[in-house]
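What follows is a single structure, written as C-alpha cells, with notes after it.
Values quoted throughout were computed directly from the atomic coordinates according to the rules given, and no laboratory measurement underlies them. Just so it is clear, the model here is predicted, and its values are computed rather than measured. Note: ideal-geometry Cβ built from the backbone for every residue, glycine included; neighbour counts use all protein chains shown.
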Amino acid sequence: MGRAPVAPCVGEGMVVRRVVMRSRDVVFFKGVIEASDGLAAVFAEGGGDLLVAAPAERGAELDAVLGELCAELGALQVPPAQAVL
C-alpha cells in the first residue's frame, strides 16, 4: 500500500509558503531549510510540490532564503493567493 500525503500541522502564528521544484531537488532543499537554525519545516504534498512553514516573526528571513534557493534550483514560488492549504 502506498503512502498518502497528510495535511501539515500548521497553526496560528505561522506563515506558509508553497514551492514547486523538480523531485530530484527536494532532498537538497529540505536539508538546507531544516539546517538553517530551525528556520522552517518542509512538508511534501507530492513529488516536488512542497509547503514550507515558519514562525511568523521569521517570515522575512524565510522569504529571503526561499528566493535564493528557488533561483539556484530553478524552482517556482507559488503566490500566496494560490498557495491554499
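Of note:
- Diagonalising the gyration tensor over the Cα atoms of the stretch 14-78 and scaling each eigenvalue by 5 before taking the square root yields semi-axes of 17, 12, 11 Å, largest first.
- Summarising the label geometry, the points placed 7 Å from Cα in the beta-carbon direction at GLU45 and GLU72 lie 2.4 nm from one another.
- Extension gain, ALA60 back to VAL20 (0.36 nm per residue minus Cα-Cα distance, nm): 12.5 nm
- Between ALA35 and GLU12, the contour length at 0.36 nm per residue exceeds the alpha carbon distance by 6.0 nm.
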